[in-house]
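The values are calculated or read from the model by the stated rules, or taken from the named source; none is laboratory data. All of these numbers come straight from a predicted model, not from anything done at the bench. Here the Cβ positions follow ideal geometry from the backbone for every residue, glycine too, while neighbour counts run over all protein chains shown.
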Amino acid sequence: MSIYKKICLMSLAVLPITAVATTTLTLSNEFIEANRDRATLGATLLIDFAHDHAKSAGEGGDIHIAGWSDEIGLVTVAEIMNAKREN
């Protein structure tokens, strides 16, 4: 490995890394009241991205799908659990 790569790797190891989020999410009272005691939502999803295949069974076998739902009013991630099972 070149000395340049070693210096870059060492620099990354010792530099403090911080992340700052400046986004505020405001939910309407209507949305809060409608979904207050729920862990899941049912909605129509316009799919923006989905993986071609499920994760391996050892990794849970799930498929995650990103999209938009007018009913939810937010960018949404859906999960199909156990989409892939062991053979």
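Of all residues in segment 28-43, those that are surrounded by 10 or more Cβ atoms within 10 Å (Cβ to Cβ) have Cβ atoms under 7 Å from Cβ atoms of residues that are of a type in the set (Ser, Thr, Tyr), 6 or more apart or on another chain, in ALA43/SER69.
Of all the residues in segment 32-41, those that are at pLDDT below 85 and of a type in the set (A, V, I, L, M, F, W, C) number 2.
This table checks each residue for (1) part of a loop (DSSP other than H, G, I, E, B); (2) not β-branched (Val, Ile, Thr).
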position: LEU41; (1), (2): yes, yes
position: ASP48; (1), (2): no, yes
position: HIS53; (1), (2): yes, yes
position: GLY61; (1), (2): yes, yes
position: ILE65; (1), (2): no, no
position: TRP68; (1), (2): no, yes
position: ALA78; (1), (2): no, yes
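With respect to the conditions (1) surrounded by 14 or more Cβ atoms within 10 Å (Cβ to Cβ); (2) modelled with pLDDT of 85 or more, PHE49 lacks only one, and its number is (1).
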